[in-house]
Amino acid sequence: MSTATSASPSAAEANFARGLEGVIAGETNICSVEQGKLIYRGFEIHDLAEHATFEEVAFLLLEGHKPSADELRRFKIEVIAERALPAEVIAFLKSCGPMIKSGAAVPMDIVRTAVSILGNLDKDAQDNSPAANLRKAKRLLAKIPTIIGHMQNVIDGRAIIAPDTGGDATLSHAANLLYLMSGEKPSKEFEHVIDVSLILYAEHDYNASTFTSRVIAGTLSDMHGAVTGGIAALKGPLHGGANEMAMEMLKEIMRDVGEKGIGTPAVDSWMQNAFDTKRKLMGFGHRVYKNGDHRAPILHKLGRSLASKDTRNPGGHAAAKWFDLGEQVQKIMLDKKKIHPNVDFPCGLTYFTLGIPVPQYTPIFVASRVSGWCAHIMEQHANNRIIRPLSLYRGPAETKWNK
Ligand code: CMC
């Protein structure tokens, strides 16, 4: 028997949508996600990927309009000035090596905790006013790449790069992220590919992590708490964690079929076995985009072009071989299941080609999506009503404690 909390049972059954599929749960001026188009504040994603930089997109999301040249210049100065981390966060990151090595924590957990500590140290932490929220959003945007970079230095056992400044002030957001992680200033092409990936990842309306952030903000809780919750939601393999899992899956196929198996029926057999065992293939499918994710071909094209020229042999095979395998997997998935890749599939391949360690793929997603989360948190605070839906009760019928 099922009854509903404060709605008639039949109305509740009729209104119930598992996983909130198709439910319009709120309003937004920030982003529109439709099969036909993906729009950030009026600008279409192909247009942004081709003509904007991540800094411009972050400004657009946070401030609500396209920046003038002067606004952009000032925004960049403000963000660059906020890149360095407080000593307490650096101390935490310096201690994170054993946690990661033991398997207790993964980089997404470290980023989540570091952001939470930042909240404990931010003088604006308890102030939800629009001005304080904007200041906090810029600090988070600036500091998350530094968290990722310092953490990677600790994992690699090297001295932390630029602890006093959080990087090189002459570098863009994308280039500085790669520099902080490796100590090497990236080529223009690597910088461009990361920059576009950050644009593609920046915003996606009421996706699970953004919705989580809005639910937290909707109780009038603070921005750092809402972003911390967003990070926890993004970590899951059905959401942002899929970019890491997509690459792990490709590595598994490569191990099983070998490089010589690429382009042969060995991959079809591997996939058939996955279908027979009802395995979810990571980096495929989407709640909204049933006919393809706008972002996936943009990143695939860039990553493929990079891989075709790459001589670095990631994972012991030429980078282009990984794309050959990925394209074969995509084709089988489409032919057999009619399921398209989402942005996380080419992202996995592209970041792998760039030589980025796999456990940092989702943290890099955080470095981008924080701009969207903060825009939504500000929008929620500016026009708030607590988010409190109903559920369908399917538990036991009422009974007496003392029978
Ligand atoms: N592999 C195998 N089958 C799939 C997949 C997949 N990746 N995605 C969907 N299906 C099947 C699903 O099992 C279902 O089949 P059936 O009707 O026989 O039960 C059918 O397709 C319809 O899918 P759905 O379960 O209604 O899809 P959903 O809207 O509930 O879930 C999803 C969407 C993204 C969670 C799901 O497609 C999935 O788990 N994909 C793999 C994880 C992934 O790549 N996540 C990234 C999402 S997009 C970007 C981001 O958030 O980072």
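The values are calculated or read from the model by the stated rules, or taken from the named source; none is laboratory data. Because the structure is predicted, anything quoted here is derived from the model rather than measured. As a convention, Cβ positions derive from the backbone with ideal geometry for all residues, glycine included, and neighbour counts pool all protein chains shown. We work out accessible area using only protein heavy atoms, side chains counted, and drop any ligands, DNA or RNA first. Shrake-Rupley method; radii C 1.70, N 1.55, O 1.52, S 1.80 Å.
Just a few scattered comments:
- Straight-distance crosslink candidates among aspartates and glutamates, where the alpha carbon sits under 17 Å from residue 301 and sequence neighbours closer than 8 are dropped: 47, 50, 189, 191, 195, 293, 310, 324, 327, 344
- Neighbourhood charge, 11 Å Cβ-Cβ cut-off, centred on residue 323 and excluding it, Lys, Arg +1 and Asp, Glu -1: 0
- Local electrostatic count at residue 372 - Lys and Arg +1, Asp and Glu -1, tallied over other residues with Cβ under 9 Å: -1
- Relative contact order of the chain, defined on C-alpha pairs under 8 angstrom at six or more residues apart (%): 24
- Summed residue charge, Cβ within 15 Å of residue 278's Cβ, Lys/Arg positive, Asp/Glu negative: +3
- Taking every C-alpha pair closer than 8 Å and separated by at least 6 residues, the mean separation divided by the residue count of segment 302-403 gives a relative contact order of 22 percent.
- Rh by Kirkwood over Cα pairs, then Stokes-Einstein D for segment 242-353 at 1.567 mPa s and 4 °C, µm²/s: 93
- Listed cross-link partners 235/278; 235/336; 235/321; 37/188; 66/338; 94/235 are compared with a 31 Å cut-off, the Cα-Cα value being larger for 66/338.
- Contact order for segment 242-353, expressed relative to its length and based on alpha carbon pairs under 8 Å spaced 6+ residues apart, stands at 42 percent.
- The chain: most fluctuating residue of 386, 24, 80 per GNM, C-alpha cutoff 10 Å: 24
- Between the amide H of residue 31 and those of 41, distances stay under 5 Å, these residues lying 5 or more places away or on another chain, with hydrogens modeled in the peptide plane.
- Solvent exposure ordering (accessible area, 1.4 Å, most first) of 23, 343, 257: 23, 257, 343
- Top of 309, 94, 136 by mean-square fluctuation, Gaussian network on the chain, Cα under 10 Å: 309
- Placing +1 on each Lys and Arg Cβ and -1 on each Asp and Glu Cβ, with no other charges, gives the chain a dipole about its Cα centre of roughly 900 debye.
- C-alpha center-to-center spacing [segment 25-87, segment 264-296] in angstrom: 31
- Largest-first ordering by accessible area, 1.4 Å probe, given options 378, 271: 378, 271
- Solvent-accessible surface (1.4 angstrom probe) belonging to residue 191, in square angstrom, nearest 10: 30
- Only protein heavy atoms count here; on that basis, with a 1.4 Å probe, residue 179 has an accessible area of about 40 Å².
- Among 273, 153, 15, the residue with the largest mean-square fluctuation in a Gaussian network model of the chain, with springs joining Cα atoms closer than 10 Å, is 15.
- The accessible-area ordering, largest first, of the residues 222, 344, 268 stands as 268, 222, 344, per a 1.4 angstrom probe.
- In segment 142-190, the trypsin sites (Lys or Arg not before Pro) that fall in loop regions by DSSP, at most 12 other Cβ within 10 Å: 158
- Across the alpha-carbon set of the chain, the Rg to Rh ratio works out to 0.99, Rh being the Kirkwood radius.
- Neighbour cut-off at most 15 other Cβ (10 Å), DSSP loop, trypsin sites (Lys or Arg not before Pro), segment 329-383: 338
- Helix-only CD estimate at 222 nm, as mean residue ellipticity for the chain, using -39500 (n - 2.57) per DSSP H run (n ≥ 4): -18500 deg cm²/dmol
- Cα-based shape type of segment 1-121, given that a ≥ b ≥ c are square roots of the gyration tensor eigenvalues and the cut on a/c is 1.5: oblate
- Under the span-like rule (Cα at least 15 Å along the axis, Kyte-Doolittle mean at least 1.0), DSSP H helices of the chain: none
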